[in-house]
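The values are calculated or read from the model by the stated rules, or taken from the named source; none is laboratory data. Computed from a predicted model, the values in this text were never measured in an experiment. For neighbour counting, all protein chains shown are included, and Cβ atoms are generated from backbone atoms with ideal geometry for every residue, glycine included. When the accessible area is computed, the model is the full protein with side chains, heavy atoms only, and any ligands, DNA or RNA have been set aside. Shrake-Rupley method; radii C 1.70, N 1.55, O 1.52, S 1.80 Å.
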Amino acid sequence: MKPEHFSRHEQYLHTAKQIESAHRSYLEALRAIEEEKDEAVIYSHVKKANAAIESAFPEKFSPPARPMSIKADDEKKGKHLFLILAVALGIVGVLLFLTLFGPTGDMTKSWNMDDVQKNSIYPKSQ
């Protein structure tokens, strides 16, 4: 055997052992079904076999790689957060400006109940 084939030989040997292990586990699950054993026993054999198959063929069962656009989404989140913060500060600024200098009234004046009744839309008749 050539030296460049050693790694492939080891890989195929490992895959064959894993498939053989899965085969034995499935046969044990089959015997457990025939002997009418508990479902937990059957499930454990099947789970062991499935794990062996997954380790034999990791390229078929590995989770897909995350897309590269995730980084762009993180940047967009920062921009959105900055925009929301700017809008909130703008609204608070406008409300503060209207409160201090706008048509809502003079903040330096101290009001009493007579002034409130005189300046309301429907003043109470006395």
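Here the label points at Ser55 and Lys37, each 7 Å from Cα along the C-beta direction, are separated by 2.0 nm in the simple model.
Each Lys or Arg adds one and each Asp or Glu subtracts one; over the other residues with Cβ under 11 Å from the Cβ of Leu83, this totals +3. With the whole protein complex present, Glu59 retains an accessible surface near 120 Å², based on a 1.4 Å probe.
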